[in-house]
Amino acid sequence: MHLDPWNLAAISGMALATYACRGGGYWLFRKLRPSPALRVMLGYIPGTLFVSYVVPALVAGGRVQWAGALATLVVMRLAGSLSGAILAGTAAAWMMWSFG
């Protein structure tokens, strides 16, 4: 297997950018002390980011995406298991794609 230098440079650049973003956040919060209100607000960011990824895919998607989302919601509501919900949603979408 041959490793192209341009691919290696791209992977290294992406790794450095990722590390800089994560490390920069830790460095920033070590220097600045956010207020309790800001801490609460920042706690909502992961959920809002997830919704901002899922909703456009559902709006643009079809039966496969909606079946996966519905299965995910049902399993999460009934079982309360995140990993089970992800597996159910993936399985439902795969079955719709394969057999639907």
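Note on Ile86 and Tyr26: the model spin-label points, each 7 Å out from Cα along the C-beta direction, lie 2.2 nm apart. With the helix formula -39500 (n - 2.57) applied to DSSP H stretches of n ≥ 4, the chain reaches a computed 222 nm mean residue ellipticity of -29000 deg cm²/dmol.
For the chain, list the DSSP H helices whose alpha carbon atoms reach 20 Å or more along the long axis and whose average Kyte-Doolittle value is 1.0 or above? Before the final figure, lay out each step's value.
Working: long enough: 5-31 (38 Å, 0.24); 45-60 (23 Å, 1.81); 63-79 (23 Å, 1.09); 82-99 (25 Å, 1.27).
Answer set is 45-60, 63-79, 82-99.
Once you have a ≥ b ≥ c as the square roots of the Cα gyration tensor eigenvalues for the range 43-100, tell me rounded if a/c is under 1.5, and otherwise prolate or oblate according to whether a/b is larger than b/c. Oblate, because a/c is 1.5 or more while a/b does not exceed b/c. When only alpha carbons are used to place a centre, the range 1-31 and the range 40-100 end up 29 Å from one another.
Under 8 Å for C-alpha pairs, at least 6 residues apart: give me the relative contact order for the chain, rounded to a whole percent.
Details: 40 pairs, mean separation 18.5, N = 100.
For the chain, the relative contact order is 19 percent.
Read the figures in this text as sums done on the coordinates, not as results from a lab. Every value quoted in this text rests on a predicted model; they were computed, and no experiment measured them. Using ideal geometry, Cβ is built from the backbone for each residue, glycine included, and neighbour counts are taken over all protein chains shown.
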